[in-house]
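The values are calculated or read from the model by the stated rules, or taken from the named source; none is laboratory data. A quick note: this is a predicted structure, and the numbers were derived from the prediction, not measured. All Cβ positions, glycine included, derive from the backbone under ideal geometry; neighbour counts span all protein chains shown.
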Amino acid sequence: MTKTEGPRPGTQHGLQATGNPLQEPAIGQPPAGVRDLHLTDSVSSARDDARAQGGQAGEWMPYLPASASPHCPPGVDPAALVWAETVAPGGYTHKVLARGSRLRFDDPTGDACAHLLLFNALEPVERLNVADTQKIPWQAYLGVNHPLLSGDGRVLAVVTGDSSGRHDAFCGTTTDAWNERKYGDARPEGPSPSGRGLFIKAAAKHGLSRRDLPPSLSFFQGVRVEADGALTRQGSAGPGAHVELVAEMPLLVLVANVTHPLDPRSEYVVGPLRVHAWRGLATGPDQERFTATPELHRAYLNTVDYCEARGL
C-alpha cells in the first residue's frame, strides 16, 4: 500500500491546478470544490469515477489483505496476519479476534496513546475490569505477564511483550467535557476528539452503547502514583516502543488513539498507532504464567472452563 501524496506544487489543498483554477464563484453559483473535479452526471460516469479512485491509499488505514502491511512485526509471517492497520492520530479502530490471537501495538513516533477496551466477543456483557486487573495480580502497573481481567474472574488477555514500560491503569481516557475545556472541541470528526467519544462510535458498530463502556487502559503514556496519592505523568518511552498481548478468550477489541488525560501540552498532540494481530495459541497449563500465583491460576482455570465448554 502506498501513502497518499501531499499537495503538489501548483495545487490548493491537494487539488490539481488546471488552466481554469478554482476561483470565487459567480453570484448565484455554488462554490467550486472537489466535486467539480469528478464526473458523476450519470450512473456510468459515477461508476467510472468511483473505480478510478480504487488505486488510491491513505496514510491512516487498514491494510487489506492484512499480509499487505508494510510494517509486519519482526519474526511474524505476513501470511499469518489477520489484522493490520495504522490508526490516525485522533482515530479509532475495532476488531473481533479469535482466542489465541497475538495482538501488537507499535508507537513509531513516541506520541501514540493506545486506549484499550476488551469484551468477551461471545457475550459482551463480560468486559474489561480495570480494578480486578490491578487487584488480582497484586500489581497496579502493567507489564509482561500482567493479566487483563474481566469482572467474571476470567483472563481476557495477557501482556506477553513490552518494550515501553509506560502505561496507565488509573486515569482512563478523555471525555468530551474534558476536551472541550482544554482544546475547545471534542467532536469525533473534529481536531481534538475525546477517547470516550471515539469508543462510543466503535461500540455502536457492534450493537453496544455508551452504557456498555467501562473504564479503559492505555499504553505508551505512563502514570505513577506518588506516596501522597498524587498521579504523576511519566510520558512516553520514546519512538519505537511496542506492546504485545495474547487473547485468552474470543475478544472484541476497541482502540482509541488520543491524547492522555494528564498530557500537559496545550496542543492536541498524538502520533500514529500501528496495530497488528496474527493467529496463535492461548496460554496453556504448561506455561509458567498459568500457575504463577494462586489468584492467576484460578482466573486461568475459569477461562479454560468457559472456553472448552464452548468448543474453543
Q | Conditions (1) of a type in the set (A, V, I, L, M); (2) assigned to a helix (DSSP H, G or I); (3) loosely packed, with under 15 Cβ neighbours inside 10 Å: number failed by Ala203 | A | (3)
(Q) Name the single residue that is farthest from Asn257 (Cα to Cα) among those in region 197-229 being free of Cβ contacts under 8 Å to residues at least 24 places away in the same chain and within 15 Å of the chain's Cα centre (by Cα). (A) Ile200
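What strands (runs of 3 or more DSSP E) lie completely within region 207-291 and have 2 or more residues being modelled with pLDDT under 95 and of a type in the set (Phe, Trp, Tyr)?
Working: elements: 217-219, 222-225, 231-235, 241-247, 251-257, 273-278.
So the answer is none; nothing clears 2.
Name the residues in region 270-281 that are aliphatic (A, V, I, L, M) and surrounded by fewer than 16 Cβ atoms within 10 Å (Cβ to Cβ), would you?
Step one: of region 270-281, the residues aliphatic (A, V, I, L, M) are 270, 273, 275, 277, 281.
Within region 270-281, Leu281 is the sole residue that qualifies.
Being polar (S, T, N, Q) and either buried (at least 20 other Cβ atoms within 10 Å of the Cβ) or touching a residue at least 60 places away in the same chain (Cβ under 8 Å) (or both) is true for just one of Thr232, Thr259. Which residue is that?
On the way: Thr232 fails: either buried (at least 20 other Cβ atoms within 10 Å of the Cβ) or touching a residue at least 60 places away in the same chain (Cβ under 8 Å) (or both).
Step by step, each of Thr232, Thr259 is checked, and only Thr259 is polar (S, T, N, Q) and either buried (at least 20 other Cβ atoms within 10 Å of the Cβ) or touching a residue at least 60 places away in the same chain (Cβ under 8 Å) (or both).
Among the candidates Pro124, Pro62, Pro70, which residue alone is more than 20 Å from Lys201 (Cα to Cα) and of a type outside the set (Ser, Thr, Tyr)? So that I can check it myself, show each step before the final result.
Details: Pro124 fails: more than 20 Å from Lys201 (Cα to Cα); Pro62 fails: more than 20 Å from Lys201 (Cα to Cα).
Every option except Pro70 fails the conditions.
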**Q.** Test result for Ser218, out of contact with any strand residue (DSSP E or B) (no Cβ under 6 Å at 6 or more places or on another chain) and among the polar types (S, T, N, Q)
**A.** no
Q: Give region 114-124 a look and list any residue that's surrounded by fewer than 24 Cβ atoms within 10 Å (Cβ to Cβ), of a type in the set (A, V, I, L, M) and within 9 Å of Leu251 (Cα to Cα), or say none.
A: Ala121, Leu122
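Going by what's in this entry, would Ala247 be described as of a type in the set (A, V, I, L, M, F, W, C), buried (at least 17 other Cβ atoms within 10 Å of the Cβ) and in contact with a helix residue (DSSP H, G or I) (Cβ under 8 Å, 6 or more places away or on another chain)?
In short, no.
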Q: Kindly check whether there is at least one residue in region 282-294 that is touching a strand residue (DSSP E or B) at 6+ places or on another chain (Cβ under 8 Å), in contact (Cβ under 8 Å) with a residue 40 or more places away in the chain, surrounded by fewer than 16 Cβ atoms within 10 Å (Cβ to Cβ) and of a type in the set (A, V, I, L, M, F, W, C).
A: no
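Would you point out the residue of region 114-139, among those that are outside any loop (DSSP other than H, G, I, E, B) and in contact with a Lys or Arg (Cβ under 8 Å, 6 or more places away or on another chain), that is nearest to Val158 (Cα to Cα)?
Just the residues of region 114-139 that are outside any loop (DSSP other than H, G, I, E, B), to begin with: 114-120, 127-128, 130-135.
Now drop any that are not in contact with a Lys or Arg (Cβ under 8 Å, 6 or more places away or on another chain), which leaves 117-120.
Working: Leu117: 13, Leu118: 11, Phe119: 14, Asn120: 14 Å.
The qualifying residue nearest to Val158 (Cα to Cα) is Leu118.
Across region 44-71, which residue is modelled with the lowest pLDDT among those that are under 24 Å from His115 (Cβ atoms), hydrophobic (A, V, I, L, M, F, W, C) and not in a strand (DSSP E or B)?
Within region 44-71, the subset under 24 Å from His115 (Cβ atoms) is 58-63, 66, 69, 71.
Right, trim to hydrophobic (A, V, I, L, M, F, W, C) and you get 60-61, 66.
Now drop any that are not not in a strand (DSSP E or B), which leaves 60, 66.
Numbers: Trp60: 83, Ala66: 97.
Selected residue: Trp60.
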Q: Answer yes if at least one residue in region 168-178 is closer than 29 Å to Gly143 by Cα and part of a helix (DSSP H, G or I), and no otherwise.
A: yes
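For region 50-70, what are the residues that are loosely packed, with under 15 Cβ neighbours inside 10 Å and not small (Gly, Ala, Ser)? Before the answer, list the steps.
Just the residues of region 50-70 that are loosely packed, with under 15 Cβ neighbours inside 10 Å, to begin with: 50-59, 64-65, 68, 70.
If the condition is that a residue be loosely packed, with under 15 Cβ neighbours inside 10 Å and not small (Gly, Ala, Ser), then Arg51, Gln53, Gln56, Glu59, Leu64, Pro65, Pro70 are the ones that fit.
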**Q.** Extreme residue, surrounded by the most Cβ atoms within 10 Å (Cβ to Cβ), among residues of region 162-200 that are closer than 27 Å to Gln134 by Cα and of a type in the set (Phe, Trp, Tyr)
**A.** Phe199
Q. Which residue, of Asp41, Asp111, is in a loop (DSSP other than H, G, I, E, B), charged (D, E, K, R) and surrounded by fewer than 19 Cβ atoms within 10 Å (Cβ to Cβ)?
A. Asp41
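Answer yes or no: is there a residue in region 293-310 that is under 22 Å from Ala84 (Cα atoms) and part of a loop (DSSP other than H, G, I, E, B).
No, the conditions are met nowhere in region 293-310.
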